[in-house]
């Protein structure tokens, strides 16, 4: 993510339609997004772009526990008009490859609203397994909500599906990656 992306990220995260029915707006200012790059959670945000350069969403990773936890958590969001076209699945696979190639971690995890079937399918396609239910974990639109916990372990991942070690070196130097491709063939869900 570049500084010039901050207004767009701020707009998306404060837009109730961007989060859909399963997420509440984050209600963060541009200054708060700038500070999040320096947070204790090691948050890193990547923009998802189409081949034509239009920015359609973002994916991020962070460690909410502690450095000794040997894990990262991911989250993502796409503009509603670009959902169901394969972008989120590809971005998630790239993030999994990137994290296992570049960090000494044992697991990557993500949570989804229990009713967010599309997000659950994204994670399952990339190799995540549902571990269980985190009861009343999130406050979404004023209601305490259960979330499913998903994870993929390093030994389940085995090898990169999209990234190579060469690409990882470029990624580390640029500290950014944009997904840039044509939409998938019709019939490819999420």
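The values are calculated or read from the model by the stated rules, or taken from the named source; none is laboratory data. All of these numbers come straight from a predicted model, not from anything done at the bench. Methodologically, a virtual Cβ is constructed for each residue, glycine included, from the backbone with ideal geometry; neighbour enumeration extends over all protein chains shown.
Within the option set 115, 136, being surrounded by fewer than 16 Cβ atoms within 10 Å (Cβ to Cβ) and more than 17 Å from residue 75 (Cα to Cα) holds for one residue only, 136. Give me the residue from segment 64-87 that is touching a helix residue (DSSP H, G or I) at 6+ places or on another chain (Cβ under 8 Å) and within 18 Å of residue 148 (Cα to Cα) and, out of that set, modelled with the lowest pLDDT. By that ranking, first place goes to 77. Checking each residue in segment 76-86 for being touching a strand residue (DSSP E or B) at 6+ places or on another chain (Cβ under 6 Å) and under 19 Å from residue 162 (Cα atoms) picks out only 76. Flag set for residue 92, criterion: within 24 Å of residue 150 (Cα to Cα) and modelled with pLDDT of 70 or more.
Screening the candidates 9, 105, 47 for the property of being assigned to a strand (DSSP E or B) and either buried (at least 16 other Cβ atoms within 10 Å of the Cβ) or at pLDDT 70 or above (or both) yields one hit, 47.
Scan segment 30-43 and give yes if some residue there is at pLDDT 80 or above and on the phi < 0 side of the Ramachandran plot, otherwise no. Looking for residues that are at pLDDT 80 or above and on the phi < 0 side of the Ramachandran plot, one finds none in segment 30-43, hence no. The number of residues in segment 50-64 that are part of a strand (DSSP E or B) and under 20 Å from residue 99 (Cα atoms) comes to 6.
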